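Structure first, then comments.
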Protein chains: 12
Amino acid sequence: MSDHVYKLIEVVGSSTTSSDDAIRNAITKASESLDNVGWFEVQQTRGHVENGEIAHFQVIVKVGFRLD
Amino acid sequence: MSDHVYKLIEVVGSSTTSSDDAIRNAITKASESLDNVGWFEVQQTRGHVENGEIAHFQVIVKVGFRLD
Amino acid sequence: MSDHVYKLIEVVGSSTTSSDDAIRNAITKASESLDNVGWFEVQQTRGHVENGEIAHFQVIVKVGFRLD
Amino acid sequence: MSDHVYKLIEVVGSSTTSSDDAIRNAITKASESLDNVGWFEVQQTRGHVENGEIAHFQVIVKVGFRLD
Amino acid sequence: MSDHVYKLIEVVGSSTTSSDDAIRNAITKASESLDNVGWFEVQQTRGHVENGEIAHFQVIVKVGFRLD
Amino acid sequence: MSDHVYKLIEVVGSSTTSSDDAIRNAITKASESLDNVGWFEVQQTRGHVENGEIAHFQVIVKVGFRLD
Amino acid sequence: MSDHVYKLIEVVGSSTTSSDDAIRNAITKASESLDNVGWFEVQQTRGHVENGEIAHFQVIVKVGFRLD
Amino acid sequence: MSDHVYKLIEVVGSSTTSSDDAIRNAITKASESLDNVGWFEVQQTRGHVENGEIAHFQVIVKVGFRLD
Amino acid sequence: MSDHVYKLIEVVGSSTTSSDDAIRNAITKASESLDNVGWFEVQQTRGHVENGEIAHFQVIVKVGFRLD
Amino acid sequence: MSDHVYKLIEVVGSSTTSSDDAIRNAITKASESLDNVGWFEVQQTRGHVENGEIAHFQVIVKVGFRLD
Amino acid sequence: MSDHVYKLIEVVGSSTTSSDDAIRNAITKASESLDNVGWFEVQQTRGHVENGEIAHFQVIVKVGFRLD
Amino acid sequence: MSDHVYKLIEVVGSSTTSSDDAIRNAITKASESLDNVGWFEVQQTRGHVENGEIAHFQVIVKVGFRLD
């Protein structure tokens with residue numbers, strides 16, 4: 001890791017299933033357009049409710065990747 | 001969403017199973033007495049430990065609902 | 001709980017499976033060397049990504065235990 | 001103000017016009033059901049965007065009122 | 001504590017005497033209308049000054065209670 | 001909103017007129033290069049002062065948009 | 001800006017009209033006794049409510065000025 | 001309170017006796033050189049320990065006063 | 001204080017009497033096993049409520065001590 | 001600075017030498033692909049340790065640049 | 001330190017050389033007009049960039065001094 | 001990094017020379033009694049001032065190490 005530079009972007013993943021799955025969806029999407037994704041940090045977990053049940057988990061994550 | 005007003009309340013759900021389940025329990029309980037629950041935001045995830053194992057997840061959530 | 005004193009330590013659990021499992025691993029490890037672990041509070045949820053997938057969830061938790 | 005007790009609730013006002021107007025709508029709505037509303041504190045200013053323009057300002061305010 | 005749900009409200013107690021007394025006044029008032037008050041968390045300690053002396057301590061507390 | 005992924009960017013709008021106008025300028029600029037801008041969240045309101053008067057309001061906003 | 005030193009003070013402006021006007025009043029007052037006021041940063045927006053309407057916006061601003 | 005402007009300064013009071021007394025000492029000192037002190041907000045409570053006992057409570061308070 | 005190194009630990013003191021007493025109990029307990037305790041910083045003040053009255057104040061403090 | 005719009009990105013610079021050098025590396029890298037970089041704000045300073053010595057300083061900085 | 005009262009002011013030092021030097025410049029300037037400066041706390045480290053290089057480090061520091 | 005558990009402790013390093021050196025002193029001291037120190041995160045940079053000059057930088061760092 002000699003003097004590399006990394007960039008952090010903020011992405012919101014959503015999932016009807018679980019909060020972990022919302023994170024996974026965010027990582028998968030970010031990795032489609034970025035090489036070298038290395039880590040994530042959860043910023044906020046929230047969600048939408050419909051008819052008294054959780055319709056979607058939404059997780060805001062910072063995603064870090066190495067700049068070549 | 002023309003000039004609606006919403007209210008946020010803070011609720012703590014608990015679950016012996018998972019942190020997502022603790023959120024679901026909070027939403028279910030809030031929806032018993034409130035119509036129009038629309039979203040939630042996790043404030044803190046914590047829990048009780050007994051005999052070296054997690055006895056309950058406790059998740060503090062803000063729950064938003066539309067005032068008619 | 002008459003005038004007991006508690007201590008809080010900060011531990012990072014990791015898991016290839018889920019964020020809840022990372023918390024459980026942190027609690028299990030802390031309980032190996034500490035009696036009287038009573039509660040935890042999640043400080044941050046993060047993780048490592050390899051080849052576009054989550055390799056590990058890492059959860060920083062504060063763990064509280066009673067001093068005898 | 002001799003030993004009075006106050007309560008704080010959190011309300012989200014929205015407005016198509018301005019952020020100040022969103023606050024006013026929150027205060028007006030809160031005052032419909034509460035006597036003795038005395039002050040507010042802005043928690044967050046946000047809004048919805050449609051077709052590249054702000055459709056609604058949404059302001060989360062804490063509203064304080066005296067309990068009789 | 002099997003899967004109970006709790007609610008948190010925010011109350012401001014005041015006292016001419018001490019900051020602890022302001023907390024006590026907040027708890028006493030909250031307990032008049034709520035059963036099952038279980039804990040509090042201080043959010044902010046502030047106060048009014050008149051003629052160079054503290055006229056009132058005001059303490060903002062979150063009060064937690066179990067929903068039946 | 002089935003499993004969509006969103007991105008958040010941070011933009012600073014400025015205006016000689018008002019803080020709301022600075023937000024509008026940020027949203028307008030962001031929408032020039034981004035489709036599907038959906039919401040914003042104010043991070044900070046600041047400004048420059050010249051000759052004792054506000055020369056520019058500057059508002060830092062997070063802008064959220066859907067990734068296709 | 002070669003090695004200048006600046007000072008930040010905290011001022012609360014109020015206005016019956018708008019939150020921006022409360023900021024302007026704070027800046028105007030600060031500029032009466034200070035030369036070289038250069039910028040401001042909003043810390044909190046709050047206000048007083050009377051008879052269900054906003055009586056005053058109050059905005060806490062940090063004001064920066066150059067020390068000669 | 002028609003369009004008044006207030007200033008906030010930060011003062012640290014200390015006391016060998018109690019945290020409330022440390023606040024009172026800060027207010028008394030601030031009022032020696034300032035007219036119109038109106039309110040305070042506690043920022044941090046800390047203290048020095050000597051020989052296993054609290055030697056001084058130190059409380060950082062913001063003190064607000066009206067500018068004439 | 002020439003190049004000394006200090007350690008901070010987090011301790012929760014409780015008291016049936018007062019919040020200051022809860023701090024004192026935390027300091028006393030920490031000093032039983034640590035030499036050179038030098039200062040503390042309050043992190044959070046909370047407590048348990050039973051039958052509408054405060055049963056215990058609980059204060060989370062960081063305690064700093066010099067490493068020899 | 002008439003109604004310009006700026007963008008903030010988050011970059012992590014690393015350096016084996018110093019924390020300031022880690023900032024410089026982040027700025028240099030960001031400036032390779034961006035014109036008009038105007039300012040930075042340090043978000044966090046951290047680093048890796050190997051064999052009891054600091055192997056790299058890592059500094060997370062927000063970098064602001066003008067959008068044309 | 002028997003019942004002394006201290007004041008905290010906020011100062012921004014700048015330096016073309018290093019972030020530590022920006023702190024030193026802030027302390028030197030503050031000490032020109034204040035006796036008894038005792039400590040500082042860094043609030044934020046930022047800076048200006050020109051032509052892809054750091055033109056100035058700017059460090060916001062709180063400076064504490066004893067009131068006689 | 002398969003399901004390892006890490007611990008975070010908080011240490012304050014001081015130095016008469018520089019803030020980076022204060023961090024190094026903290027790391028060196030922590031590594032004397034801990035194997036497997038892996039990373040640090042700066043929490044706060046502060047210092048003591050004597051006769052208008054910085055006598056010591058003091059940096060509070062969290063230090064992370066792997067539990068075997």
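Rounded to the nearest 500, what is the 222 nm mean residue ellipticity of chain K from helices alone, with -39500 (n - 2.57) per DSSP H run of 4+ residues and division by all residues? Let's see the in-between values first.
Numbers: 1 runs with 15 residues, N = 68.
Only helices count here, giving -7000 deg cm²/dmol.
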_Shielding by other protein chains, F:8-20, mean Cβ within 10 Å_ = 6
*In a GNM of chain H with a 10 Å cut-off on Cα contacts, which of H:Val49, H:Val11, H:Val37 has the highest mean-square fluctuation?*
H:Val49
*Hey, with R₀ at 35 Å, roughly what FRET efficiency would L:Gln44 and J:Asp3 work out to, going by the Cβ-Cβ distance, to 0.05?*
0.40
*Please give, to one decimal in nm, the separation of the simple spin-label points placed at K:Leu34 and E:Ala55, each 7 Å out from Cα toward the Cβ.*
3.0 nm
*Of the options B:Gln43, B:Asn25, B:Phe57, report the single residue whose Cα projects farthest towards the positive end of the charge dipole of the range B:5-67 (beta-carbon charges: Lys, Arg +1; Asp, Glu -1).*
B:Gln43
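What does the charge count near G:Asn36 come to, summing +1 for each Lys or Arg and -1 for each Asp or Glu among other residues with Cβ under 11 Å from its Cβ?
Numbers: positive: G:Lys7, G:Arg66; negative: F:Glu50, G:Asp35, G:Asp68.
With Lys, Arg at +1 and Asp, Glu at -1, the neighbours total -1.
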*Report the Stokes-Einstein translational diffusion coefficient (µm² s⁻¹, integer) for chain G, Rh taken as the Kirkwood radius over Cα pairs, at 4 °C with viscosity 1.567 mPa s.*
103 µm²/s
*asked:* Rg and Dmax in Å for the protein assembly as shown, alpha carbons only: what are they?
replied: 25.8, 67
*Length-normalised contact order of chain G in % [C-alpha pairs under 8 Å, at least 6 apart]*: 45 percent
*Provide a whole-number value for the mean count of partner chain Cβ atoms within 10 Å of the Cβ atoms in peptide C:29-39.*
4
*What lysines sit close enough to E:Lys29 to cross-link, taking a C-alpha to C-alpha distance under 26 Å and skipping anything fewer than 8 places away on the same chain?*
B:Lys7, B:Lys29, B:Lys62, D:Lys7, D:Lys29, D:Lys62, E:Lys7, E:Lys62
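Dipole magnitude of chain A about its Cα centre, charges +1 at Lys/Arg Cβ and -1 at Asp/Glu Cβ only, in debye to the nearest 20? Please list the in-between numbers first.
Values: 6 positive and 10 negative charges, 20 e Å.
About 100 debye.
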*Any chance you could give the angle, 0 to 90 degrees and rounded to 10, that helix L:19-33 forms with the longest Cα principal axis of chain L?*
40 degrees
*Hey, got the average number of other protein chain Cβ atoms within 10 angstrom for residues in A:57-65?*
4
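A short reminder: the numbers here are calculations on the coordinates, not readings from a lab. Only a predicted model underlies this, so the values are computations on that prediction, with no experimental measurement involved. As a convention, Cβ positions derive from the backbone with ideal geometry for all residues, glycine included, and neighbour counts pool all protein chains shown.
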